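The values are calculated or read from the model by the stated rules, or taken from the named source; none is laboratory data. Here the structure is a predicted model, which is why all the values come from computation and not from measurement. Quick reminder, even Gly has a Cβ in these numbers, built from the backbone with ideal geometry, and neighbours come from all protein chains shown.
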Amino acid sequence: MELSPEEYGAYWRASIRVAAGGLVAFFGIRLTAALRTHPEIGASALGVILLIVLVLVGTFVAMLGLARVVRTAVDAET
């Protein structure tokens, strides 16, 4: 697979997006753990809502990066 400098840069930027999405989801799980295990229902509900939002955002960013990686690889092959 031959990549031009522009395609190479796009590939790595997309790879960074995939990693960033994974980190957002991972740290979302870690940071909301205290709220989710709290005995009060309000804090637990807030923890669950924050977890859902952070995992969705992380997944969205990762999928944007993955789509860009695939598109760059397909463009490089054609």
**Study point:** Leading residue by the ranking (modelled with the highest pLDDT) among those in region 35-78 that are part of a helix (DSSP H, G or I) and acidic (Asp, Glu)
**Key:** ASP75
Point to revise | Candidate set: region 50-63, residues that are surrounded by 14 or more Cβ atoms within 10 Å (Cβ to Cβ) and aliphatic (A, V, I, L, M); chosen: the one nearest to ILE29 (Cα to Cα) | key: LEU51
**Study point:** Residues of region 1-58 satisfying the condition of being polar (S, T, N, Q) and within 28 Å of VAL70 (Cβ to Cβ)
**Key:** SER4, SER15
Check your understanding: Counting only residues that are acidic (Asp, Glu) and part of a helix (DSSP H, G or I), which one in region 1-34 is farthest from the chain's Cα centre (by Cα)?
Key -> GLU6
Exercise for review: Among residues belonging to region 1-41 that are of a type in the set (Asp, Glu) and in contact (Cβ under 8 Å) with a residue 12 or more places away in the chain, point out the one that is surrounded by the fewest Cβ atoms within 10 Å (Cβ to Cβ).
Suggested key: GLU2
